[in-house]
1. With only Lys, Arg, Asp and Glu charged, each at its Cβ (+1 for the first two, -1 for the last two), find how big the charge dipole of the protein assembly as shown is about the Cα centre; round to the nearest 20 debye.
2. Accessible area lost on pairing B with A, both sides, 1.4 Å probe, Å² to nearest 100?
3. What average count of beta carbons from other chains do you get within 10 Å of the Cβ of residues in A:130-139?
4. At 222 nm, what helix-only mean residue ellipticity would chain B give, in deg cm²/dmol to the nearest 500, using -39500 (n - 2.57) for each DSSP H run of four or more?
5. From other protein chains only, count the Cβ atoms within 10 Å of every residue's Cβ in A:191-199, then give the mean.
6. Calculate how many DSSP beta bridges within the protein assembly as shown are antiparallel, expressed in % of all such bridges and rounded to the nearest 5.
7. Suppose all protein chains stay in the model; what accessible area per residue would a 1.4 Å probe give for the range B:6-250, in Å²?
8. Note down the relative contact order for the range A:100-202 as a percent, whole number, built from C-alpha pairs under 8 angstrom at least six residues apart.
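The values are calculated or read from the model by the stated rules, or taken from the named source; none is laboratory data. On a predicted model such as this, the values are computed, not experimentally measured, just so you know. Please note: Cβ atoms are built from the backbone with ideal geometry, for glycine as well, and neighbour counts cover all protein chains shown. Keep in mind that these areas ignore ligands, DNA and RNA; they rest on the heavy atoms of the full protein, side chains included. Shrake-Rupley method; radii C 1.70, N 1.55, O 1.52, S 1.80 Å.
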Amino acid sequence: MNKIAVIDYGMGNLHSVAKALEHVGRELDEQVEVVVTADANVIAGADRVIFPGVGAIRDCMAEILRLDVGQIVKDAIQTKPVLAICVGMQALMNTSEENGGVKCLGFLDGEVRYFGDDLRDGDGLRLKVPHMGWNQVSQTIDHPLWKDVPDNSRFYFVHSYYVRTQHQGMVTGVSRYGNDFVATLADNNIFAVQFHPEKSQTVGLTLLRNFLLWDGTV
Amino acid sequence: MALAKRIIPCLDCENGRVVKGVKFLDIRDAGDPVEVSKRYCDAGADEITFLDITASHEGRETTVHTVEAIASQVFIPLTVGGGIRTLEDIRTMLNAGADKIGINTAAVVNPEFVREAAERFGSQCIVVAVDAKRVSIDDELPKWEIFTHGGRKPTGIDAIEWVKRMVSFGAGEILLTSMDRDGTKSGFDLELNREVSRAVQVPLIASGGVGNLQHLVDGVLEGEADAVLAASIFHFQEYSIQEAKQYMAAKGIEVRL
């Protein structure tokens, strides 16, 4: 039995990610159980943990602190593979400039920045914010979660803020929207994605399959 | 490397069946929204929009089950709209597996509803759907007004002012339908789309009037839309999603192939 805990701290719709994991589990020849929960004991008993997040970072961090989700994530990071998605990824960093500046968990070294109100592409054309839709991800490091995912595949994004870090060694994938930005990060048994794999059709499901099979080593 | 323009097939559904364009389809399975959604997803649709036009309360139960069935098999974004009036309606559809919720008449009746919805569920899942009709005459500056109830009821609200207001209230995306063009197959109202696209920072989905693939191209290049929505040209099976994307790519538009 492969038990996946999706951490539920009340922020957003976790049904999509749970349904996608169940779908991938059915396609694999192994028993997969997906639990959407905030219960620290249940999460401690899971084989793998998903740390999701949508909406504003201030609200997310408030709930993370209120429910002591930071400690749950910290414990998980020490013992098992963890996949952080969208605002879940952003919450792992030091700070975000959203909502006038919000202190985040600081488990990964870097910051979360706004795309800007007057974002333009290389030809000077205006780019809408949020960055919403399918964009290409260039794989900068070979990683088990990229197995069978073609380089420069398009994933589904929806976000107005992005991660920036000095540690190029942590960056596993980059995208471009006005500027290059970090699409995915990895640090030991953490893999973090700005896009939504559960909404990214075949390539997204492949990445989730890789996560279900990943032992947390690189 | 750039963000792709999206192609969004739209399913108008009544009591659990796709109704728009249904007479053109093979009668065996064509009316099942789950089958149709899967087919579009496999063909490369970037998102699915499901518009519920069911009037009865019992029928809405069916809609929730249909959304659940689609969401458990289709792993691309799913927008659900039609008859959304309360925060509870939104929660029900999100729990059923919708990713975004379209709000139309309820926003006009009570604009604060959009603010509350965005605050509760996040702007990323709130799509304000706008039905606009041109009200200026030929030599005047162009002007569009918001209509509700499927284009029958005028509101006196200026379309451009309205979308700006909705975005300031937290709308994460605008789904704009030209009532003059809807069902005509004569192409989008490009001027309307361009004005709206330039007025707001959030993405714009153009809708209403697509009759051929060049109309999709025009919607992006001239209407400055970030996504194009169509129903009958795909239900018709006159064009496939892949053909549409290849046509757009050949015209220099970034698409997900």
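1. 120 debye
2. Buried: approximately 2900 Å² between A and B.
3. Per residue, the average neighbour count from other chains is 6.
4. It lands at -10500 deg cm²/dmol.
5. Neighbouring Cβ atoms belonging to other protein chains average 2 per residue here.
6. Counting DSSP beta bridges with both partners in the protein assembly as shown, the antiparallel share is about 40 percent.
7. 39 Å²
8. 28 percent
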